[in-house]
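The values are calculated or read from the model by the stated rules, or taken from the named source; none is laboratory data. From a predicted model like this one, the values you see are computed outputs, not experimental measurements. Note: ideal-geometry Cβ built from the backbone for every residue, glycine included; neighbour counts use all protein chains shown.
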Amino acid sequence: MNEILSQRPLRQKTIGILGGMSNQATGEYYRMLNKQLNQHLGGWDNGEIIIASVNFGNIQSFVREERWDEAATYLEDKIQRLEAAGVDVIACVSNTMHRVVEPAMAGRTTPFIHIADPTGKAMRKAGIGRVALLGTIPVMQSEALRKRYCETFGVEVITPNTADKESIDRIIFDELVRGDLRPESKAEYLRVVKALRAEGAQGVILGCTEIFLLINQSDFPDFPVFDTTALHIEAIVDFALAE
């Protein structure tokens, strides 16, 4: 590493971020990626990052109206722009939009870091067998995601009841993506997690990249919290630094 750092300009991988979903999450990705890369590289060095930031108004419309084919076409264009810019890896800041981004990345030569995999590895390492999942309704209802966590990492996923799913989803779309953090919404999330813990959950996945702005590990001293945002960022940093 010291030999690499002595060369200027510094040779490093360019990170491609499929962002804007939401701008709150995207800003945190940019900040945390650069902070962690600087901790490894030292001095004034940080990451080389290209962000394709989309209009979240389009995304929320696609999701709420279940226009997944249009969402795929819209995001494939942004993926192509990142590849044309020469990125070495692509990461999507939205758990929800992995539904269309994952198949869009299949067959491409640019590496893709799936947001669920670092979380799955962390749960397996922690010996978690049953976990609660919070996120948007499409995430909480995703059979593909449930199957990925179960078959790849040996973790059973449980989710809130219908009314609680709707509450969790509403707070994400109407508040968190706008940076609107309300005490009553935090209390609602804590209540839902408590109910899922009573159902046998051994931990909770924050399966939306804005949820950590509202609740985090400090709210659950004796209950593991798996923050997909932080774990995803760590995996991206590891990839960027690997020789």
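Within the range 197-209, residues that are modelled with pLDDT of 95 or more and crowded, with 24+ Cβ neighbours inside 10 Å reach partners that are among the acidic types (Asp, Glu) and outside any loop (DSSP other than H, G, I, E, B) with beta carbons closer than 6 Å, at six or more positions or on different chains, in the pairs LEU206/ASP227.
Inspect the range 222-235 for any residue being small (Gly, Ala, Ser) and within 25 Å of ALA91 (Cα to Cα) and give the result as yes or no. Yes, that holds for at least one residue. Would you please name the residue that is surrounded by the fewest Cβ atoms within 10 Å (Cβ to Cβ), looking only at residues in the range 120-129 that are assigned to a helix (DSSP H, G or I) and of a type in the set (A, V, I, L, M)? Restricting to residues being assigned to a helix (DSSP H, G or I) and of a type in the set (A, V, I, L, M), the top hit is ALA126. When you scan the range 29-45, do you find a residue that is loosely packed, with under 15 Cβ neighbours inside 10 Å, within 23 Å of ILE211 (Cβ to Cβ) and not assigned by TED's automatic domain parsing to the domain that holds THR136, even just one? Within the range 29-45, one or more residues are loosely packed, with under 15 Cβ neighbours inside 10 Å, within 23 Å of ILE211 (Cβ to Cβ) and not assigned by TED's automatic domain parsing to the domain that holds THR136.
Residue-by-condition table, conditions (1) surrounded by fewer than 16 Cβ atoms within 10 Å (Cβ to Cβ); (2) modelled with pLDDT under 95; (3) under 19 Å from the mean Cα position of the chain (by Cα):
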residue	(1), (2), (3)
GLN7	yes, yes, no
GLN12	no, yes, no
ASN23	no, no, yes
GLY27	yes, no, yes
THR73	yes, no, no
GLY86	yes, no, no
ALA91	no, no, yes
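Against the numbered list (1) in a helix (DSSP H, G or I); (2) closer than 23 Å to GLY47 by Cβ; (3) touching a helix residue (DSSP H, G or I) at 6+ places or on another chain (Cβ under 6 Å), ASP117 comes up short only at (3). Looking only at residues in the range 158-181 that are among the polar types (S, T, N, Q) and either at positive phi or assigned to a helix (DSSP H, G or I) (or both), the one that is surrounded by the fewest Cβ atoms within 10 Å (Cβ to Cβ) is THR162. On the stretch given as the range 130-157, residues that are in a helix (DSSP H, G or I) and either in contact with a Ser or Thr (Cβ under 6 Å, 6 or more places away or on another chain) or farther than 14 Å from ASP117 by Cα (or both) total 5. Within the range 27-78, the set of residues being in contact with a strand residue (DSSP E or B) (Cβ under 8 Å, 6 or more places away or on another chain) and not small (Gly, Ala, Ser) comprises TYR29, TYR30, LEU33, ASN34, GLU48, ILE49, ILE50, ILE51, VAL54, LEU75, LYS78. Restricting SER61, SER53 to those that are modelled with pLDDT of 95 or more, farther than 17 Å from GLU234 by Cβ, over 17 Å from the mean Cα position of the chain (by Cα) and of a type in the set (Gly, Ala, Ser) reduces the list to SER61. Selection of the range 188-243 for residues being under 24 Å from ILE17 (Cβ atoms) and polar (S, T, N, Q) yields THR209, ASN216, THR228, THR229.
Within the bounds of the range 96-103, is there any residue that is touching a Ser or Thr at 6+ places or on another chain (Cβ under 9 Å) and in a loop (DSSP other than H, G, I, E, B)? There is at least one residue in the range 96-103 that is touching a Ser or Thr at 6+ places or on another chain (Cβ under 9 Å) and in a loop (DSSP other than H, G, I, E, B).
Rundown of residues vs (1) in contact (Cβ under 8 Å) with a residue 60 or more places away in the chain; (2) in a helix (DSSP H, G or I), yes/no style:
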residue: SER185; (1), (2): no, yes
residue: VAL193; (1), (2): yes, yes
residue: ASP222; (1), (2): no, no
residue: THR229; (1), (2): yes, yes
residue: HIS232; (1), (2): yes, yes
residue: ASP238; (1), (2): no, yes
